[in-house]
Amino acid sequence: MAIDINSLSDAQREMAVKIGDAATEAGINPDLAIAQAYKESGLKHFIGEGKERKVISSDQNAYGVMQILPETAKAYGYERKDLNDPDKNIEIYTKMMKKYLDKYGSEDLAVMAYHQGEGPVDEFVKTNDYTKLGPKGRQYLLDIGENYDFADDTEDKYANAFSSVGNVDDTTTTNTKVPDFSKELFNVGTNLIR
């Protein structure tokens, strides 16, 4: 199932366009970037209204529409306060994803590295042992796949990995209903931007 663009608020649609434009400029598939932002923050940078308005954050201390950690921002030459600016938040995301896409050569591995860092992905690449990705990483890829059309070989590459994704602790993910793995999961497409 793809993101229903008609169910998004004007602010979410505007954010999707902003993310898509930045991704395109960086050489990243805009639909992938939008699907990640939808998973990370629901395409929202702020919550609340008026004096109650603040930057969205997670219990892991990640901030903004792309849910960037302060230490990650620092590694890319930014300060914690930069995470409050949606444009800079998205800019950090594009730098990260471009680096991961260049390093791994595939969107699925870049998405996993974005979610959980390069270490587990490097171990998977070296060993082809999907357990190195962990259930949260595999679930994250499935969640993105609900709203993005990964390459056709993704199903074959992770067939064994997804058969055990049901072991994900329901308290660690916002998607407690683990989807059945099927080819259709990775062939949904979004075409969200325009």
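The values are calculated or read from the model by the stated rules, or taken from the named source; none is laboratory data. Please read these numbers as outputs of a predicted model, since none were measured by experiment. Cβ sites come from the backbone with ideal geometry, for glycine too, and all protein chains shown count toward neighbours. In case anyone asks, the SASA skips ligands and DNA or RNA and just uses the protein heavy atoms, side chains included. Shrake-Rupley method; radii C 1.70, N 1.55, O 1.52, S 1.80 Å.
In table form, for the structure just shown:
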| read-out | value |
| --- | --- |
| Residue check, V111 surrounded by fewer than 21 Cβ atoms within 10 Å (Cβ to Cβ), part of a helix (DSSP H, G or I) and hydrophobic (A, V, I, L, M, F, W, C) | no |
| Candidate set: region 22-45, residues that are open to solvent by 70 Å² or more (accessible area, probe 1.4 Å) and more than 12 Å from the chain's Cα centre (by Cα); chosen: the one farthest from M96 (Cα to Cα) | K44 |
| Meets criteria (charged (D, E, K, R) and within 13 Å of the chain's Cα centre (by Cα)) for D102 | no |
| Counted residues, region 114-131 - those being over 16 Å from A35 (Cβ atoms) and either hydroxyl-bearing (S, T, Y) or surrounded by 18 or more Cβ atoms within 10 Å (Cβ to Cβ) (or both) | 6 |
| Residue count for region 46-85, restricted to those that are assigned to a loop (DSSP other than H, G, I, E, B) and either without any contact (Cβ under 8 Å) to a residue 24 or more places away in the chain or surrounded by fewer than 23 Cβ atoms within 10 Å (Cβ to Cβ) (or both) | 15 |
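Here's the yes/no breakdown for (1) at pLDDT below 95; (2) of a type in the set (A, V, I, L, M, F, W, C); (3) closer than 14 Å to Y93 by Cα; (4) touching a strand residue (DSSP E or B) at 6+ places or on another chain (Cβ under 9 Å):
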residue	(1), (2), (3), (4)
L43	no, yes, yes, no
G50	yes, no, no, no
V55	no, yes, no, yes
N61	no, no, no, no
E71	no, no, yes, no
Y78	no, no, yes, yes
